Each structure stands twice: as C-alpha cells, then as structure tokens.
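First up is the structure itself, then whatever we jot down about it.
The values are calculated or read from the model by the stated rules, or taken from the named source; none is laboratory data. Since the model is a prediction, treat every value here as computed from it, not as a measurement. Reconstructed Cβ throughout: ideal geometry from the backbone, glycine too, with neighbour counts over all protein chains shown.
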C-alpha cells in the first residue's frame, strides 16, 4: 500500500517502527507526483539527486540516533520555487531566471537538509510570488486537486496542491499578503505564516522584503507545527531575523482553548464574503465556543484600508527588488546595440504581465511628486493597522475569522486585477502588522474547501497552533482527502 | 485623474520596462483602475502617525567585520549571460 496521503507524523511513526524506509516514502511520493502532476502542474522541477542523497542520510540518522532525529527526518517535502537550492533550477515562476542555478542554499532549506528531510522538487507559483491563483506562473497554471478546473489559490498554489494531492505531506511556501494561507484554504490543507522574522529570508527570492515570510503547508496542525519548528530561529544572514528563540508549538498543541478569549473582527465577517464561507466559519467559531473559549466581537476599523496600503507598499518594494533583473549577473539577457535598450528588452521579454503591472505601480508610487501621497501615506496607514491589532490583543488572546472571502474559483474566471487582489483582503492586514496566522480546513461549500484563519500577536506563533489544534481535534475536516488523491 | 500617455511612458522608463504602445495603453488603463480603487488611502486620518518601514522593531543589526569565505569567482560568474572569465561583460556604456 502506498504511503502517499499520510500525515508526516504517521510517516515518522512508521519510520521509527521500521515499517518503511525513507527510500520507500520517496518512491511513493514520486509515484504520486508521476500519477497526478500531468493534471495538476504543481511541480516545476524535480530534485532527484538531492532527494536520493537525503533519503540515504535520513536512513543513516534513523539508524544511528532514532530518538534524536527530527520529526521531518526522512519525510518527503516540496519547496516553492522561490527558495534557493544550490545547483537546482530556481525560477520564481518567471522566464527571466529560467536558467538560473543558485550558487548557495537558503537557510530554511539548509535546516531541512540538516534535519534529514527529503526535498522531492520545486513547486509552481505565481511569478515572483505575485498573485492569488497561481495563474501568473510563466510555466502554466496549477489545478486544484478538489476540482482541477479551478485554481488552488496562490501564490504558493503548487505547494498547496502538492500536499492536497497527497504527493508530499509537507511543503513550504511564502506569504507576503496571504500566499500560504489563501491557497491552503482553497486547497483544503493547513497553511501557516509565521511572525515576520521567525524564519530566515536568506536565499528566498525577494518580492516585498518587509512582508515576505516562509512557512509550511501540511495536512494537519501538528505537521505544520513540526515543519515550522524545523526551519524557525535566528539567522545572522538575515538582519530582520528575530533574535530570541522561537516558542515551541508542539508543547501547547493539546492545551485546548478553555478560558481563552477569542475575538471575531466584525469587518472580516462583512460584505464580500460568500455565504458558504460565512456559514462554515460561523460554525467553526461555535465549535471553539463549545470547547470553552469565550467569543467576543471586536473591531479593526481600518481593515478596508489594508488592501490599498498593501498595493502601495508591496509593489514599491517589488519595483526596487526586481531592479536586479538586468541581464548582467544572472538570468536572461536580450542583447541590443545599446545598454539601455538591452535593459528595456530584457525586462520586457522576461517579465509577465502581473509583474510589470506591479513594477509600474510601485515605480509610480515611489516617483518624485507621488512619494508623499502614496508611499509615505501607506507607511503611516500601515502603522494604524498594526496599532489596531495591538488594541484588540489587549482584550483577546487571538482572532478567528475567514481566511479567504471565497472558495476556489474557475481558472480564467477573474480577469480584473482589482477583483483578483480582493482575494487577499482578509490575509493582507496580518502581513502588514507582521503577525502569525494560520488557515485550517473548516468544511466545504459546494464541495470546495473553506479555511478558518487564526491570528495571534507578534511572536505568539505557538498560540496560533494551540487554537488551530484544538479546533482540528474537535473536527474531522483535516482527514478529508481530494478524490483525485486516493490511489 | 487618469495617467497621461507621457506619464505612463515616463514610469515605464524609470522602471526600465520596454513596453510597446499597446502594452503602455493597457497597463496605463489598469494602473488608473488600481489607483482609483486604492484612493481610499487618501481619506485616512494619519495626522501625528509615524511611518512603519518594518515591523520587527529591530534597530541597527550589526555583526563583527570578520573575513570569511564567500562565493568563488567561478560560482559568482556561473549564471552570467556574458563574462570574460573574470568579470561580467556588458555592452559599452560610452562610445
């Protein structure tokens, strides 16, 4: 019987009982990828040699020191294609660095390698992580395992689909405005965005540096907690890295929510929510109340400014970060007689439409004459939004709300950029304030998964897991698998 | 106020994006639409509110300036579209 679709915790237990080897887990993962990826397009590259080497290393660690081995030792994982792995393709979903082979490995990836995790490949994503559907990849869209005609969400759509399809139990994505949580919600899996600075950004291809954060996608809260713990912690190579050691989420997973005060932000339950999403989330909140949490309505009045603030700050940072793609040190170059024309054509041919749109928007917001009205103002509103979270966290321990206003939509259905941006309205404020947030499956609307979002104060990553684990233990949504994933 | 064609061309040049006329027209209209949507920002009361550039509250993260191994010349040049073996090679900037 194939191990594909098991949780990482179940795989780890089977490894320790000697029922399977890391090599067998890898074979099963590869077979599942082989069987399903023609329909899904979740992977952009396979890291075969590295995976074989890691499976051998994991077998050795499990032989020599089974008690000391990481929870991820021998576990197949997938990496969003914005994380650098030395020597392997890292395209960020873009043509402009199609041939790039990173000369070094990202810190988060190195920690996984040291732990004996087995990376099977690099996952598809929106170009430079800009999007909410993975339709902006230069290498084609990704199918949602629950309905391949629909998007898996984005930008970490390949990572979410790879877990939802049972190819790997754990994948890593990045979340700048919701790009882990929203695809997790739309794909029926768990997705966690850590407090800004908990996971090193060294070796992560930058989109918006003050917002980007690496985090895991998994079937269960327990797996997500272990996957987070494996990569979290200070890194001297990232100057925005949090200096103090991360709190251990595994210690509080069974603590429950009895006596906990949970806030429901009124603005997150307002207009724009699909009725099915509202119903499932309302039911999920009732479950938490039944477990002994106190539920109270709270207000984050500037929520509706979050999207506007984000669509100045993120494009501004991206326009600066993407200036490096000039065809000089790496990536594609479209040669023209003059240096300026070479630059203009290299970037015009190398970047896709959404990237150009955001580079233009960011350049405009930072340009002379508009800086004060847009960029400086957005940075001030960012302060307002962060302060409002501080105020509500003085009276509640965590917030519970929908992750995405809608369930997975049909590929190609949303053409208007602003309508697409609205998909992230409920995840963006969390990035602006640098908070930890998780999405956990909380049921279905018309057969498509709905996600419950849990948000906690900065550095209280463990509390997010505690609330999510309590909800998960009381429900069975996390055990549901897409029909396509079943062998 | 919609962006003029000249403004779109100016921003595209600042961003070093060699857009053709059709792209300029399309992106210009889309930027107008996005800017209109985010004009809500202009209503926010931000008097006396400081700017947030980053949320980590970290200030001046230093390390000792100690020599350590870094990328070799070979690795650093390996991804370049053009080199002379020691340096990145680009077209002449001045005639």
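A single entry from A:131, A:203 fulfils the requirement of being closer than 29 Å to residue A:317 by Cα and surrounded by fewer than 24 Cβ atoms within 10 Å (Cβ to Cβ): A:203.
Taking the criterion of being surrounded by fewer than 24 Cβ atoms within 10 Å (Cβ to Cβ) and either farther than 27 Å from residue A:28 by Cβ or touching a strand residue (DSSP E or B) at 6+ places or on another chain (Cβ under 6 Å) (or both), the residues of the range A:76-96 that qualify are A:89, A:95.
Within the range B:62-81, residues that are at the interface with chain A (Cβ under 7 Å from one of its Cβ atoms) sit with their Cβ atoms under 8 Å from residues that are outside any loop (DSSP other than H, G, I, E, B), at 6+ positions apart or across chains, in these pairs: B:80/B:88.
Screening the range A:287-304 for residues that are in a helix (DSSP H, G or I) and in contact with a strand residue (DSSP E or B) (Cβ under 8 Å, 6 or more places away or on another chain) and picking the one that is farthest from the other protein chains (Cβ to nearest Cβ) gives A:289.
Just one of the numbered conditions (1) in contact (Cβ under 8 Å) with a residue 24 or more places away in the chain; (2) more than 8 Å from every other protein chain (Cβ to nearest Cβ) is not true of residue B:36: (1). Filtering the range A:239-263 to residues that are touching a helix residue (DSSP H, G or I) at 6+ places or on another chain (Cβ under 8 Å), at pLDDT 95 or above and crowded, with 19+ Cβ neighbours inside 10 Å leaves A:249, A:253, A:257, A:260, A:262, A:263.
Residues in the range A:305-335 that are within 8 Å of chain B (Cβ to nearest Cβ), in contact (Cβ under 8 Å) with a residue 40 or more places away in the chain and assigned to a helix (DSSP H, G or I): A:305, A:307, A:308, A:309, A:311, A:312, A:319.
What about residue B:92, is it under 22 Å from residue A:322 (Cα atoms) and either exposed (fewer than 10 other Cβ atoms within 10 Å of the Cβ) or in contact with a helix residue (DSSP H, G or I) (Cβ under 9 Å, 6 or more places away or on another chain) (or both)? Here the answer is no, as residue B:92 does not meet what is asked.
Residue A:365 fulfils the conditions (1) without any contact (Cβ under 8 Å) to a residue 40 or more places away in the chain; (2) within 30 Å of residue B:45 (Cα to Cα); (3) touching a helix residue (DSSP H, G or I) at 6+ places or on another chain (Cβ under 7 Å); (4) more than 7 Å from every other protein chain (Cβ to nearest Cβ) except for a single criterion, (1). When residues in the range A:46-92 are screened for being in contact with a helix residue (DSSP H, G or I) (Cβ under 6 Å, 6 or more places away or on another chain), within 20 Å of residue A:155 (Cβ to Cβ) and not in a strand (DSSP E or B), 3 of them pass. Of the residues A:177, A:154, A:197, A:166, only one is part of a loop (DSSP other than H, G, I, E, B), free of Cβ contacts under 8 Å to residues at least 40 places away in the same chain and out of contact with any strand residue (DSSP E or B) (no Cβ under 7 Å at 6 or more places or on another chain); which? Every option except A:154 fails the conditions.
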